[in-house]
Amino acid sequence: MAEPEAPERWYLALLGFAEHFRTSSPPKIRLCVHCLQAVFQFKPPQRIEARTHLQLGSVLYHHTKNSELARNHLEKAWYISQQVPQFEDVKFEAASILSELFCQQNLVDSAKPLLRKAIQISQQTPYWHCRLLFQLAQLHTLEKDLVSACDLLGVGAEYARVVGSEYTRALFLLSKGMLLLMERKLGEVHPLLTLCGTIVENWQGNPIQKESLRVFFLVLQVTHYLDAGQVKSVKPCLKQLQQCIQTISTLHDDEILPSNPADLFHWLPKEHMCVLVYLVTVMHSMQAGYLEKAQKYTDKALMQLEKLKMLDCSPILSTFQVILLEHIIMCRLVTGHKATALQEISQVCQLCQQSPRLFTNHAAQLHTLLGLYCISVNCMDNAEAQFTTALRLTTHQELWTYIVTNLASVYIREGNRHQELYSLLERINPDHNFPVSSHCLRAAAFYIRGLLSFFQGRYNEAKRFLRETLKMSNAEDLNRLTACSLVLLGHIFYVLGNHRESNNMVVPAMQLASKIPDMSVQLWSSALLKDLNKALGNTMDAHEAAQMHQNFSQQLLQDHIAACSLPEHNLISWTDGPPPVQIQAQNGPTTSLASLL
């Protein structure tokens, strides 16, 4: 009677040893692999053979660099498991991990047919069918084939509806909505988000799952508004999102498994959602010109990220970190902290060195930030080179428009690039065929036109453009554009000799610039206030404004010298290939300080 039980015992013993070695601290992977390989010595039945190949393939893939051996075991697991009836978990897990391994080896054309075959034969297994659809959709997304990805997510949504999983149907539809937003297919996004809103509100299930669906839904809405530059209109959605994440943080993770296996999905871990909500709050504060608030939330988010990265190597955390740094760098340049901004640009370079995919996705933004830094330290040739590089690297319409707007400002300052300037301005004409739907970027385009007209002495035309900027920026609380437009209008009225009207513009510009705080506008406003008060005979006020101007000049000058003395300042010359690893130190600043004085 003892004979039939023998294989069971040896198998369980070897499995126990393998698991003990795998979970040791540190893991003893070599011994774990030896134990699993020993299983084959006993000529096990097909079920045990296939499962062991899967376990070996998985351990080798996740814990070693021996991808060829991992692939060999996973292919055997996939092949053998297809011959064994009712062996879904092993069969589809083998297909899933094997396609991941193919992608890692840049064999995407091997991964796709494998996943398609697994999807085709998994229709009776809801969990795996949905998971494999998500996986293939993600693969298409990484390849920038968003049309195929959207089609698959649509198939998944319909399948989830048929198997009675409204929760996973919502996940498929929200994922599709995210891709449609990336493709700028706004006509399709609106009805889809409306449908998602209804499904999410009507779904009665695990409170954490319900709230996480609401977070996903609201994040899409908020980013949609911010993409459109609608900083004021987004506020109710953003508030709901912040309340939602507070609710989630008070809920306990119930380990009750859903009764429907198709519901066994999570969009993001709770901790990742918290960082994401901080991130969209920072994006909003940056656009609206609440820079101290942006700083506060960036600090919170980066602290949380550091803690998470100690335990979790998920690539999404590095993406969050880069996007946060990109926003805080722009804040620093506005608030007059160029040296800190430069060090943070260098930090983004280091993060991108660690991940080629991160660099591919953020190279254009990195060169754009360097261009903005170059403007702030008056290195206009370098600024032009950085923006030109960024334009070459981006296919994103909003980013392209933002770069062109800033490059136009460089040409205006240089004063001798008329042909290039007019060619650029034609492509961002706010009155006619503006390339994007962003309210904020269109308002900025009017400002650039006003700036050019001012430099050309066409003051009435400049006033028309700037009043248009003011109207648009006031409608959506775009504080920085409002402050810039007011001070430039004030300058125009001063030149025209209308001192009272000039004062009416410059005083609120100064107040708003102090609230943001925007160091350049404060410097400009204080210089104007000094001259205005002198012209109006207000000696005390003129003296006070002169003192303020002196203080701002000193702060900016010191920061300028500190930034240009950093070895990272040499990044302004980098316009090709991956970010430089070593940045050579140089002998102090080489840029002109004249623009600051």
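So the values come out like this:
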{"quantity": "Dipole in debye (nearest 20) - the range 1-105, about Cα centre, beta carbon charges: Lys, Arg +1; Asp, Glu -1", "calculated": "340 debye"}
{"quantity": "The range 494-554 shape via C-alpha gyration tensor axes, a/c threshold 1.5", "calculated": "oblate"}
{"quantity": "Overall form of the range 134-228 per C-alpha gyration tensor (a/c, 1.5; a/b vs b/c)", "calculated": "oblate"}
{"quantity": "TRP267 - accessible surface, heavy atoms, 1.4 Å probe, Å² rounded to 10", "calculated": "60 Å²"}
{"quantity": "Net +/- balance of residues flanking GLU344 in space, Cβ distance below 13 Å, scoring K and R +1, D and E -1", "calculated": "-1"}
{"quantity": "Accessible-area value, LEU15, 1.4 Å probe, nucleic acids and ligands omitted, Å²", "calculated": "50 Å²"}
{"quantity": "Cα-centred dipole magnitude for the chain, charges only on beta-carbon of K, R (+1) and D, E (-1), debye, nearest 20", "calculated": "460 debye"}
{"quantity": "Dimensionless Rg ratio for the chain, taking C-alpha atoms and the 2.2 N^0.38 Å reference", "calculated": "1.17"}
{"quantity": "Net charge of neighbours whose Cβ lies under 14 Å from the Cβ of PRO44, counting Lys and Arg as +1 and Asp and Glu as -1", "calculated": "+3"}
{"quantity": "Exceeding the 32 Å Cα-Cα cut-off - candidates LYS239/LYS463; LYS309/LYS338; LYS43/LYS91", "calculated": "LYS239/LYS463"}
{"quantity": "Modelled FRET efficiency - R0 35 Å, GLN343 with VAL507, Cβ distances, 0.05 increments", "calculated": "0.50"}
{"quantity": "Whether the range 28-118 is rounded, prolate or oblate, judged on the alpha carbon gyration tensor where a/c under 1.5 counts as rounded", "calculated": "oblate"}
{"quantity": "Reference-scaled alpha-carbon Rg (2.2 N^0.38 Å with N residues) for the range 430-582", "calculated": "1.23"}
{"quantity": "Area accessible to solvent at SER376, 1.4 Å probe radius, in Å²", "calculated": "30 Å²"}
{"quantity": "Accessible area of the range 152-218 belonging to carbon and sulfur atoms, whole % at 1.4 Å probe", "calculated": "60 percent"}
{"quantity": "Label-to-label distance, nm, for residues given as MET540 and ALA38 (7 Å Cα→Cβ offset)", "calculated": "9.3 nm"}
{"quantity": "Per-q log10 I(q)/I(0), the range 217-296, q = 0.12, 0.14, 0.25 Å⁻¹ (Debye; single scatterer per alpha-carbon; no solvent)", "calculated": "-0.42, -0.54, -1.22"}
{"quantity": "Paramagnetic reach from VAL155 in the range 88-117 [backbone N under 15 Å; point 7 Å along Cα→Cβ]", "calculated": "111-117"}
{"quantity": "Top positive-direction residue, dipole computed over the chain with Cβ charges, set LEU571, SER96, HIS140", "calculated": "LEU571"}
{"quantity": "Enclosed volume per residue, in Å³, of the convex hull spanned by Cα atoms of the range 305-386", "calculated": "83 Å³"}
{"quantity": "Label point distance in nm, SER25-ASP431, each placed 7 Å from Cα along Cα→Cβ", "calculated": "7.0 nm"}
{"quantity": "Positive dipole terminus of the chain, leading residue within SER473, TRP267, SER318 (C-beta point charges)", "calculated": "SER473"}
{"quantity": "Cβ-defined net charge surrounding ALA545, 11 Å radius [Lys, Arg +1; Asp, Glu -1]", "calculated": "-1"}
{"quantity": "Estimated dipole of the range 310-421 in Debye, rounded to 20 [Cβ of Lys and Arg +1, of Asp and Glu -1, Cα centre]", "calculated": "60 debye"}
{"quantity": "Whole-number accessible area per residue in Å² for the range 290-434, which is evaluated in the context of all protein chains at 1.4 Å", "calculated": "44 Å²"}
{"quantity": "Label-point separation in nm, ARG116 to ARG458, each point 7 Å along Cα→Cβ", "calculated": "5.7 nm"}
{"quantity": "Theoretical FRET efficiency, 1/(1+(r/R0)^6), r = Cβ-Cβ of LEU264 and ASP312, R0 22 Å, to 0.05", "calculated": "0.60"}
{"quantity": "Rounded FRET efficiency, nearest 0.05, which uses the C-beta distance separating ARG47 from ASP299 and R0 of 51 Å", "calculated": "0.45"}
{"quantity": "Average accessible area per residue (Å²) across the range 86-243 - probe 1.4 Å, nucleic acids and ligands excluded", "calculated": "42 Å²"}
{"quantity": "Theoretical ellipticity at 222 nm over the chain - DSSP helices of four or more residues, -39500 (n - 2.57) apiece, nearest 500", "calculated": "-25500 deg cm²/dmol"}
{"quantity": "Accessible surface, 1.4 Å probe, highest first, among residues ILE403, ILE121", "calculated": "ILE121, ILE403"}
{"quantity": "The range 195-321: relative contact order in percent, alpha carbon pairs under 8 Å with at least 6 residues between", "calculated": "23 percent"}
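The values are calculated or read from the model by the stated rules, or taken from the named source; none is laboratory data. Keep in mind it's a predicted model, so treat the numbers as computed, not measured. Because the Cβ atoms are built from the backbone with ideal geometry, glycine has one as well, and the counts that use them run over all protein chains shown. In case anyone asks, the SASA skips ligands and DNA or RNA and just uses the protein heavy atoms, side chains included. Shrake-Rupley method; radii C 1.70, N 1.55, O 1.52, S 1.80 Å.
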